[in-house]
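First up is the structure itself, then whatever we jot down about it.
The values are calculated or read from the model by the stated rules, or taken from the named source; none is laboratory data. Quantities reported herein were computed from a predicted structural model and do not represent experimental measurements. All Cβ positions, glycine included, derive from the backbone under ideal geometry; neighbour counts span all protein chains shown.
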Amino acid sequence: MSVHKTNRKSKPFVTRWRDEEGKHRSRSFATREEAETFDRQQHKKGNVLYHVVYKHETFEQAARALVDLVAFSQRESPGEPRSLFLDIEGHRNSEGGFDHDMFELQKEFLIGYLLQFMTEMRTPLYHVRNNKGQRDDVPEGVYFEGQEPPPPDVEIREVVRGDDLA
């Protein structure tokens, strides 16, 4: 990547790079500082998070493990871009698709909730990028309404209700 000055009056600074597929990309900026900031962000490798949901794990166990993984990444590398790669073992229905829990985990929980704390996600069902920007106020845990409550000395920062995921 690099920053170039052009002859244009509007947004004269351009940064160019190649994306993951090898395609040339460019973006224009009004100031050199904006272009250089963007250029530095593109150079950041970030954190690649990988998790396997095993066949004995429930939706709640997998969701908690994923939130813990993202929170750990934020504590260890604050503000760095985060990419999640998820594999799922078992959890198949009679037609070969994912069972209800793992379908809900991928479709509702990851996209509907966890994506806001990520730059991108790759699951067996999809690859998605967060175009709104990654949030860094990752909760230290998650409590699912209707489940056994956490111990009284635990501070609850997030309560996830079933209707919050839709």
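Among residues of segment 8-37 being of a type in the set (Lys, Arg) and under 27 Å from the mean Cα position of the chain (by Cα), the one that is surrounded by the most Cβ atoms within 10 Å (Cβ to Cβ) is Arg27. The selection criterion, being among the basic types (Lys, Arg) and at pLDDT 90 or above, does not hold for Lys44.
All told, Phe38 falls short of being within 24 Å of Glu140 (Cα to Cα) and of a type in the set (Phe, Trp, Tyr).
Counting only strands (runs of 3 or more DSSP E) wholly contained in segment 9-86, the ones carrying 2 or more residues that are without any contact (Cβ under 8 Å) to a residue 12 or more places away in the chain occupy 24-29. Among residues of segment 87-110 being closer than 14 Å to Lys55 by Cβ and assigned to a helix (DSSP H, G or I), the one that is farthest from the chain's Cα centre (by Cα) is Asp101. Only one of the numbered conditions (1) surrounded by fewer than 19 Cβ atoms within 10 Å (Cβ to Cβ); (2) in contact with a strand residue (DSSP E or B) (Cβ under 7 Å, 6 or more places away or on another chain) is violated by Phe98, and that is (1).
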